[in-house]
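One structure below.
The values are calculated or read from the model by the stated rules, or taken from the named source; none is laboratory data. Remember, predicted model here, so these are calculated numbers, not experimental data. Methodologically, a virtual Cβ is constructed for each residue, glycine included, from the backbone with ideal geometry; neighbour enumeration extends over all protein chains shown. Keep in mind that these areas ignore ligands, DNA and RNA; they rest on the heavy atoms of the full protein, side chains included. Shrake-Rupley method; radii C 1.70, N 1.55, O 1.52, S 1.80 Å.
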Amino acid sequence: MVITLDGPAGSGKSTVAKVIAKKLSLNQIDSGAMYRSYTHLCLSFAKEQKMKIKDVIDSKNFKDYLAKQKLVIEFHSGRQIIHLNGKDMEQFIRQPEITENIKFVADARFVREMVNEQIGVLAKDYSIIADGRDMGTVVFPNADFKFFLTASLEVRASRRLEEFKRINPEFTIDQVMREIEKRDHDDENREFGQLKPAQNAIFVDTTNLDLNGVVNVIINIIQNKR
Ligand code: C5P
């Protein structure tokens, strides 16, 4: 069983995927967390080399460095855990510095191929719900169910504001809206794996729905079609 959940930042994908994974006994693949982990690695390497991330991403030295790192993805009761050289990545990958630099890493074709391959290997062994930008278009064109989550920019920004405020209480809704607009633009315009709904994706507008509402809509669709 493969369910894909694509959509723009703040549309609720990861939160919804977590709940659905639990309810349907699936494993959740959060592909954004994987791109975030590779961005963490690329930033560490760029700092070590005293260079900019955009100048190291396609270098042979960075690819050699990556080959020596152990990025392992495991599921614990359906939740994805990413370990880098034995360390849980979660606390590192939600920092603003990662989000600001993710474009360079998510645009790199070889990184996308690595992530997609890792996800493909996991899907051979597990029933999954995978969320991201290109899960239904590139990674799982034959998924059993494909959903595309949307929400107004204002609602997406207000969902993200709480997260931002935990890092810096001074953040305003306008700043978050600008950050999301920039990310939408980057995600929709990259050469490979751009954000777009799969042709046969089911749209779910989450603007006026709470978490339970979105989960119920999706689960009803799955159960009715099965
Ligand atoms: O979903 P999340 O906000 O954690 O994703 C972080 C970033 O990773 C996105 O803005 C996007 O640039 C990139 N990404 C991607 N393809 C995916 C998932 C995430 O390019 N399938």
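A few points about this structure:
- Looking across I53, I29, one residue alone is within 29 Å of K196 (Cβ to Cβ), touching a Cys at 6+ places or on another chain (Cβ under 6 Å) and either modelled with pLDDT under 95 or open to solvent by less than 40 Å² (accessible area, probe 1.4 Å) (or both). It is I53.
- Tabulated pairs, the stretch 84-108, first without any contact (Cβ under 8 Å) to a residue 24 or more places away in the chain, second open to solvent by less than 70 Å² (accessible area, probe 1.4 Å) and away from the ligand (no atom under 11 Å from the Cβ), C-beta under 7 angstrom, 6+ apart or interchain: N85/Q69; D88/I81
- I81 meets each of the listed conditions (1) modelled with pLDDT under 95; (2) within 22 Å of E163 (Cβ to Cβ) apart from (1).
- Among the residues making up the stretch 184-224, a single one is among the aromatic types (F, W, Y) and farther than 22 Å from E117 by Cα: F203.
- Qualifying residue in the stretch 27-43 (condition: over 28 Å from P141 (Cα atoms) and either of a type in the set (D, E, K, R) or out of contact with any strand residue (DSSP E or B) (no Cβ under 8 Å at 6 or more places or on another chain) (or both)): yes
- Residues in the stretch 123-142 that are away from the ligand (no atom under 13 Å from the Cβ) and open to solvent by 20 Å² or more (accessible area, probe 1.4 Å) were compared, and the one that is nearest to L43 (Cα to Cα) is A123.
- Options R226, R166; residue that is within 16 Å of the ligand (Cβ to nearest atom) and either exposed (fewer than 13 other Cβ atoms within 10 Å of the Cβ) or farther than 21 Å from R94 by Cβ (or both): R166
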